[in-house]
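Chemist: I'd like to ask you about the structure that follows.
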Amino acid sequence: MSSPPPALFSLSESRTLAAAVGLEADLKLASLEEGSFEGGEFKLRPLESVRGRTAFVLQSLAGTAGAPVSDRFIRLLFLLNGLRDAGATQQVALVPYLAFARTDRRTKVRDPINTRYVAQLLEASGADRLIALDVHNPAALENAFRIPVDHLSALPMMVDHFATRFAHTHLAIASPDVGGVKRAQIFRERLETRLKRALELVFIEKRRSQDVVSGGRLVGNAAGRTIIVIDDLCATGGTLLRAADACLGAGATAVHVAVTHIPLAAGLRSVLDAGSIASLVTTDSVGNTFQLANIPTTSAGKLVVLPIAPLFGQAVRRMVSGRHLAPLLERWPVAIED
């Protein structure tokens with residue numbers, strides 16, 4: 001007897017993205033009743049049977065005024081619990097933007113470790129597996145969870161974009177701080193492989209104490225080069241703007257920024273409005289930031305949004321068919337049969 005087909009659910013904020021993922025994975029988005037009551041209480045009920053099925057639940061944890069992070073997260077937890085109670089055999093959380101991931105270790109006495117708390121809550125709610133995208137610290141994420149974690153990355157898509165655009169440009173890759181050097185190294189190595197030539201790596205000194213950022217000295221050679229600044233997250237845009245200024249001050253000819261997540265519309269606007277940044281490449285991992293930003297036409301031409309639905313769709317396909325997700329981390333695009 002064949003296994004029943006998997007079901008793909010999404011909370012309302014992420015339904016557009018989930019529908020696109022479903023098209024890539026050849027799964028129709030399952031129906032879900034979402035009711036709200038006075039005082040902020042809610043009800044979530046799947047409108048089709050999940051008994052004996054694997055249930056995928058997609059929810060991006062980037063807050064907005066109408067749906068703050070805490071609300072999105074608690075409803076994700078409740079839905080995972082509800083699907084388990086309704087007889088699903090496996091619950092897989094698809095979380096393109098995982099909130100609270102920056103607080104993954106103690107730097108001061110009594111600091112919380114929010115990544116571990118998120119892991120404990122997801123596991124307690126019945127999640128059997130997590131698929132996330134470009135978290136701040138992949139090693140800390142995997143160490144926090146006792147369930148399998150698949151950490152997807154937008155870097156192969158970004159390599160594909162820049163390799164096509166800057167095939168013959170004198171380039172250097174930059175990390176906006178010391179903590180992101182490993183990410184920048186990985187990006188540089190993959191872009192070097194595509195371009196078949198060596199690229200310079202630079203980074204910007206940055207120190208943060210009690211939410212005050214200082215530093216800004218550039219380490220490496222940026223003179224006469226087009227710089228690609230790589231980061232996982234842009235909140236206010238301050239770190240990226242400091243990096244761009246440091247690169248231009250060191251003689252760079254232009255600065256382009258590539259960042260996976262931009263959860264705040266204000267951060268998106270600040271980067272696009274900056275004259276020091278020639279272009280911004282990002283993904284649609286957070287959903288509706290771009291609609292909320294009210295980007296003026298003069299700045300919109302600087303923005304390139306890479307869709308993540310094909311990446312997550314192939315991840316779901318591979319998981320359903322029992323194939324490994326590793327090819328998705330090595331190159332883009334990836335053949336369906338790989």
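Values quoted throughout were computed directly from the atomic coordinates according to the rules given, and no laboratory measurement underlies them. Because the structure is predicted, anything quoted here is derived from the model rather than measured. Note: ideal-geometry Cβ built from the backbone for every residue, glycine included; neighbour counts use all protein chains shown.
Chemist: Skipping prolines and chain starts, which residues have an amide H placed within reach, meaning under 5 Å, of the one on residue 203, given they are 5 or more residues away or on another chain?
Modeler: Amide H to amide H, under 5 Å and 5 or more residues apart or across chains, residue 203 pairs with 175, 219.
Chemist: Moving to a separate point now. Would you order 324, 136, 261 from fewest to most other beta-carbon atoms within 10 Å of each residue's own beta-carbon? Could you put the intermediate results ahead of the total?
Modeler: Working: 324 11, 136 20, 261 28.
Going from least to most buried by this count: 324, 136, 261.
Chemist: On to the next question. Using the charge dipole of the chain (Lys, Arg: +1 at Cβ; Asp, Glu: -1 at Cβ; taken about the Cα centre), state which of 9, 39, 168 has its Cα farthest towards the positive end.
Modeler: Working it through, the farthest residue towards the positive pole turns out to be 168.
Chemist: Against the longest principal axis of the chain, how steep is helix 114-124, in degrees 0 to 90 to the nearest 10, with axes from Cα atoms?
Modeler: Its long axis makes an angle of about 20 degrees.
Chemist: Let me ask another. Amide H to amide H, which residues 5 or more places from residue 279 or on other chains are under 5 Å from it, using H placed in the peptide plane?
Modeler: Close amide H contacts, sequence-distant or interchain: 257.
Chemist: Lysines near residue 302 by alpha-carbon distance under 29 Å, same-chain residues fewer than 8 away left out - which ones?
Modeler: Counting by Cα, and skipping residues close in sequence, residue 302 has these lysines nearby: 182, 196, 206.
Chemist: Can you work out the FRET efficiency for the pair residue 37 and residue 182, with r the C-beta to C-beta distance and R0 = 45 Å, to the nearest 0.05?
Modeler: With R0 = 45 Å, the Cβ-Cβ based efficiency is 0.45.
Chemist: Semi-axes of the equivalent ellipsoid for the stretch 212-268, please: Cα gyration tensor eigenvalues, times 5, square-rooted, ordered largest first, whole Å.
Modeler: Semi-axes (√(5λ), whole Å): 21, 13, 8.
Chemist: Shifting gears a bit: Please report 225, 53 as a ranked list, fewest other C-beta atoms within 10 angstrom at the top and most at the bottom.
Modeler: Numbers: 225 24, 53 20.
Ascending Cβ contact count within 10 Å gives the list 53, 225.
Chemist: Test of understanding: ordering 78, 37, 42 by Cβ neighbours within 10 Å, fewest first, what list do you get?
Modeler: Ordered from fewest to most neighbouring Cβ atoms within 10 Å, 78, 37, 42 come out as 37, 42, 78.
Chemist: Mind listing the phi-derived Karplus ³J(HN,Hα) values for the stretch 48-61, rounded to whole Hz, using 6.51, -1.76 and 1.60 with θ = phi - 60°, and x for any glycine or proline?
Modeler: Those phi angles translate into 9, 5, 10, 4, x, 10, 7, 10, 9, 10, 9, 8, 8, 9 Hz.
Chemist: Oh, and also: Considering only DSSP beta bridges with both partners in the stretch 155-306, what is the antiparallel share in %, to the nearest 5? Could the numbers behind the result be given before it?
Modeler: Working: 5 of 27 bridges.
Antiparallel bridges: around 20 percent, rounded to the nearest 5.
Chemist: I've got another one for you. Between residue 85 and residue 170, take the C-beta separation as r, use R0 = 41 Å, and let me know the FRET efficiency to the nearest 0.05. Please list the in-between numbers first.
Modeler: On the way: r = 59 Å, r/R0 = 1.43.
Between residue 85 and residue 170 the formula returns 0.10.
Chemist: Return the Rg/Rh ratio of the stretch 155-306 with Cα-based radii and a Kirkwood Rh.
Modeler: We get a ratio of 0.94 for the stretch 155-306.
Chemist: Angle, helix 238-249 long axis vs. longest principal axis of the chain, Cα atoms, 0 to 90°, nearest 10?
Modeler: 20 degrees
Chemist: If you stretched the chain out fully between residue 205 and residue 16, how much longer would it get, using 0.36 nm times the residue separation minus the C-alpha to C-alpha distance?
Modeler: Gain on stretching residue 205 to residue 16: 64.1 nm.
Chemist: Charges only on Cβ, +1 for Lys and Arg, -1 for Asp and Glu: so what's the dipole of the chain about the Cα centre, in debye to the nearest 20? Intermediate values should be presented prior to the final figure.
Modeler: Numbers: 37 positive and 32 negative charges, 137 e Å.
In total the dipole reaches around 660 debye.
Chemist: On to the next question. How big is the charge dipole of the stretch 69-136 about its Cα centre, in debye rounded to the nearest 20, if each Lys and Arg gets +1 on its Cβ and each Asp and Glu gets -1 on its Cβ?
Modeler: Details: 10 positive and 7 negative charges, 66 e Å.
Using only the charged Cβ atoms, the result is roughly 320 debye.
Chemist: If you count the DSSP beta bridges with both ends in the chain, what percent of them are antiparallel, to the nearest 5?
Modeler: Working: 10 of 50 bridges.
Here the antiparallel bridges make up roughly 20 percent for the chain.
Chemist: With the radius of gyration and the Kirkwood radius both derived from the Cα set of the chain, what is their ratio Rg to Rh?
Modeler: 0.98
Chemist: Given Cβ point charges of +1 (Lys, Arg) and -1 (Asp, Glu) and nothing else, what value in debye, to the nearest 20, does the dipole of the stretch 155-306 about its Cα centre take?
Modeler: In debye, rounded to 20, the stretch 155-306 gives about 300.
Chemist: Lys/Arg Cβ at +1, Asp/Glu Cβ at -1, dipole of the chain taken about the Cα centre: which of 158, 198, 327 is farthest positive-ward?
Modeler: Farthest towards the positive end: 198.
Chemist: For the chain, find the longest principal axis of its Cα atoms and tell me its angle to the long axis of helix 309-321, 0 to 90°, nearest 10.
Modeler: 50 degrees
Chemist: Please list the non-local residues whose amide H lies under 5 Å from the amide H of residue 135, H modeled 1.01 Å from N, same-chain partners needing a gap of 5 or more.
Modeler: Result for residue 135 returns nothing.
Chemist: Extension gain residue 147-residue 28, at 0.36 nm per residue separation less the Cα-Cα distance, in nm?
Modeler: Numbers: separation 119, 0.36 × 119 = 42.84 nm, distance 2.63 nm.
Value of the extension gain: 40.2 nm.
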